[in-house]
Amino acid sequence: MKKLLLTFWAVLAFLSLNAQETKITSPDGKMTVIVDLENGKPFYKVLYDGKTFLDKSPLGLKTNIGDYTQNLKISASNTSKTEKQYRLKNIKQSLVDFKASLAEISFEQDGKKVMNVVFSVSDRDAAFKYRLFPKGETRVCVIEDEVSGFKFPDGTTTFLCPQSKPMGGFARTSPSYETPYTLDAKTGTNGWGNGFTFPCLFKNSSNGWILVSETGTDGRYVGCRLLNKENSEYKIGFPQPEECNGIGSVTPAMSLPGETPWRTITLGSTLKNIVETTVPFDLTEPKYFNNTTFTYGKGSWSWIIGMDPSCNFDEQKRYIDFSAAMGYQSVLIDAFWDRQIGYDKIKELADYGRTKGVGLFLWYNSNGTWNDAPQTPIDKMNTSSNRRKEMKWLQETGIRGIKVDFFAGDKQQTIQLYEDILTDANEFGLLVIFHGCTLPRGWEKMYPNYAASEAVLASENLHFSQDFCNNEAKNATIHPFVRNTVGSMDFGGSALNKFYNADNQHGTKRMTSEVFALATAVLFQSAVQHFALAPNNLTDASSWAIDFMKKVPTTWDEVKFIDGYPGKYVILARRSGDKWYIAGVNAEEKPLVKTIDLPMFKAEAQVKLYSDDNSLNGSLKEVKTSKKQQVTITIPCNGGVVIMK
């Protein structure tokens, strides 16, 4: 009997030691993350509403001081709750109440703690990051591989942006997150062979939607991509060796103890959670505080219509007058201003703009040694001494911000360059826009003077390609569900010209309506918007369209998903102060007819309706909401709709 009891207690002790499963449940109880080991290999699963959204997916890091993907044991698992509120006026929601369940799971190898995995689970987002520790006297390491995976159920389809080959495209400037999305595609490919850029959207059969991305990336890590491992399993991928002209390592070096960025997973039975997520900012903190009060808002931009020749003194003065007439805060002066205008004349323009209440943004080439882009100013942003000297002049001249273009990839040295530019610019009171660049990863909160990034096939392509014009509506229905969900997007659109040419009679032809242009001004979120408007629009565009573009906000307090499907149509609502804007566009051949609920308006309230007829002739009229607080709308192909009080 004594022997039997000893055996019983031994078995019980063994089972207790191996019962390592950790469950983290969201505050509302809908999402559950399960973390466990299988033959010494860590994995996690994610369920939503009791349905599997991510099956057994690997966790772990391979480093030059140890392989932390296998032969592991869970030594501790600490769970807690977090609740905080923060304000951020340059993202989709100005006041955020964040609640989440947290778990920090400690892994040991050969009896020594080697790695913790930290999970955050809110009502719509799951996220995790790694913490690494010194190994004896070793206090630095290189992350050779991150096996973090995402195993989707069978039948999942994808809405992904293929990563481009390095050192290709214009002047060998790729990758720059500027490739067309594939829609409703099967899992199991690597795009064009190089994986996919974040964020990555998936449809979980009939169960719902999944958005995978990352946040918190700074100069201590690399920018990552998503690689297909096999079938419906994807993993984190590091940059490609050829990026940055082949200079630098693709693997991040880390001081110990150290942390990786967060891997974020947003889930929902509809696209509501995807559109409304604030996870990139929930999990990050400011790296410094701004030295000035930054002015966001609207601006004009001659280059999108007039290209390089428009960057001359007289045309920029005309655009300053145009911005003043529109009530805009800025003018963006693009490439070659240093040659075609000159520093002294830029100061004269800045002084003139100040008398009109209009500030200037100036374009710069980021380049040092990483591509062949010839646009100037060049060699001003790539080294600390040149950058700070230039920024001192910018501050003394009264320049509001800079737009830095043509970056080189996602290696650690380039991510550090982004951080260095932002940090120095903050010291000199400058806002920063990035183009030809990587995706922002929580940067609106991390760097208070960060304004926006391109990281998308943006409006310049409408000037360069009629095919892009033909597909403008299709692309516009993708970005609110993918690219723009995780960060400010400097698209530079909302053109009212018929043609992308200064005479408005030649060049690529805009296929979308004026109402479409108004709608995208609401649909595309960025605290600073330099629209593709031109001075001639004051007389050749519809007066109601110009009046709308004068008043539309660029900072928002709230966003609500109403309806839509990537590549087909989108209808969103945004609130600025106490004013709601409902905007939609349609890319399908047939007119979209929808009766939409508008609980933000009272029953039988009088509202303004901007809409198109079947020939894309727009108009403004007043209508009443129904007793059920609904409005029926019709949006033709390439058309739009806007509803507001």
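No value in this document is a laboratory result; all are computed from the given coordinates. For clarity, every value in this text was computed on a predicted model and none was experimentally measured. We place every Cβ from the backbone using ideal geometry, glycine too, and count neighbours over all the protein chains shown.
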Dipole of region 297-556 (Lys/Arg Cβ +1, Asp/Glu Cβ -1, origin at the Cα centre): which of Trp556, Ala324, Ala545 lies farthest to the positive side? Trp556
Determine the gain in length on full extension of the stretch Lys389-Thr292; use 0.36 nm per residue of separation and subtract their C-alpha separation, reporting nm with one decimal. 33.0 nm
Can you list which of the chymotrypsin sites (Phe, Trp or Tyr not before Pro) found in region 261-318 are DSSP loop residues with at most 16 other C-beta atoms within 10 Å? Tyr288, Phe289
Antiparallel DSSP beta bridges within the chain, as percent of all bridges there, nearest 5: 85 percent
Normalised alpha carbon radius of gyration of region 337-441 [divisor 2.2 N^0.38 Å]: 1.06
With point charges of +1 on the Cβ of Lys and Arg and -1 on the Cβ of Asp and Glu, referenced to the Cα centre of the chain, which listed residue (Trp393, Ile378, Phe43) lies farthest in the positive direction of the dipole? Phe43
Before rounding to the nearest 500, sum -39500 (n - 2.57) across all DSSP H runs of length at least 4 in the chain and divide by the residue total; then give [θ] at 222 nm in deg cm²/dmol. -5500 deg cm²/dmol
In degrees, nearest 10, the alpha-carbon axis of helix 313-326 is tilted away from the dominant principal axis of the alpha carbons of the chain by 80 degrees
Convert 20 °C to kelvin, take the viscosity as 1.002 mPa s, use the Kirkwood radius over C-alpha pairs of the chain as Rh, and evaluate the Stokes-Einstein diffusion coefficient in µm²/s, rounded to a whole number. 83 µm²/s
Charged-residue dipole, Cβ positions (Lys, Arg, Asp, Glu), region 436-544 about Cα centre, Debye nearest 20: 240 debye
List the pair-distance distribution P(r) of region 297-556, using every Cα-Cα distance, as the percent of pairs falling in each 10 Å bin from 0 up to the bin containing the longest distance, rounded to whole percents. 7, 32, 39, 20, 2
Helix 412-427 vs. the chain, principal-axis angle (Cα, 0 to 90°, nearest 10): 50 degrees
Ranking Asp540, Asp36 by Cβ neighbours within 10 Å, fewest first, what do you get? Asp540, Asp36
Looks like region 518-564, by Cα gyration tensor root eigenvalues a ≥ b ≥ c and the a/c under 1.5 rounded cutoff (else prolate when a/b is bigger than b/c, oblate otherwise), is prolate
With the radius of gyration and the Kirkwood radius both derived from the Cα set of region 28-187, what is their ratio Rg to Rh? 1.02
Shape call, region 569-644: gyration tensor on alpha carbons, a/c limit 1.5: prolate
About its Cα centre, what dipole magnitude does region 20-282 give when the only charges are +1 on Lys and Arg Cβ and -1 on Asp and Glu Cβ, stated in debye to the nearest 20? 300 debye
Karplus-derived 3J(HN,Hα) from phi for region 397-404 (6.51 cos²θ - 1.76 cosθ + 1.60, θ = phi - 60°), whole Hz, x at Gly and Pro, runs 7, x, 6, 7, x, 10, 10, 10
FRET efficiency, 1/(1 + (r/R0)^6) with R0 60 Å, evaluated for Glu348 and Glu558 via beta carbons: 0.90
Hey, what angle do you get for helix 514-523 against the long axis of the chain, alpha-carbon based, 0 to 90 degrees rounded to 10? 30 degrees
List the residues whose amide H sits under 5 Å from the amide H of Asn64, counting only those 5 or more places along or on another chain, with H placed 1.01 Å from N in the peptide plane. Val142, Glu144
Given unit charges at Cβ for Lys, Arg (+) and Asp, Glu (-), the dipole magnitude of region 297-556 about its Cα centre in debye, nearest 20, is 460 debye
Out of region 54-100, which trypsin sites (Lys or Arg not before Pro) are coil in DSSP terms and have no more than 15 other C-beta atoms within 10 Å? Lys89
In whole Hz, what ³J(HN,Hα) sequence does region 483-491 give by Karplus (6.51, -1.76, 1.60; θ = phi - 60°), x for Gly and Pro? 3, 7, 6, 10, x, 4, 10, 8, 8
Ranking of Asp372, Asp308, Asp55 by count of other Cβ atoms within 10 Å, fewest first: Asp372, Asp308, Asp55
Neighbour-count order for Asp28, Asp405, Asp321, fewest beta carbons within 10 angstrom listed first: Asp28, Asp321, Asp405
Under 16 Å from the 7 Å Cα→Cβ point of Thr138, by amide nitrogen: which residues of region 43-67? 61-67
In terms of modelled amide H atoms, which long-range or inter-chain residues lie less than 5 Å from the amide H of Trp580? Lys645
Among Thr355, Pro591, Ala502, whose Cα projects farthest towards the positive end of the dipole of the chain, with charges put on the beta-carbon of Lys, Arg (+1) and Asp, Glu (-1)? Pro591
Which pairs break 30 Å Cα to Cα here: Lys287/Lys389; Lys84/Lys380; Lys272/Lys403; Lys84/Lys165? Lys84/Lys380; Lys272/Lys403; Lys84/Lys165
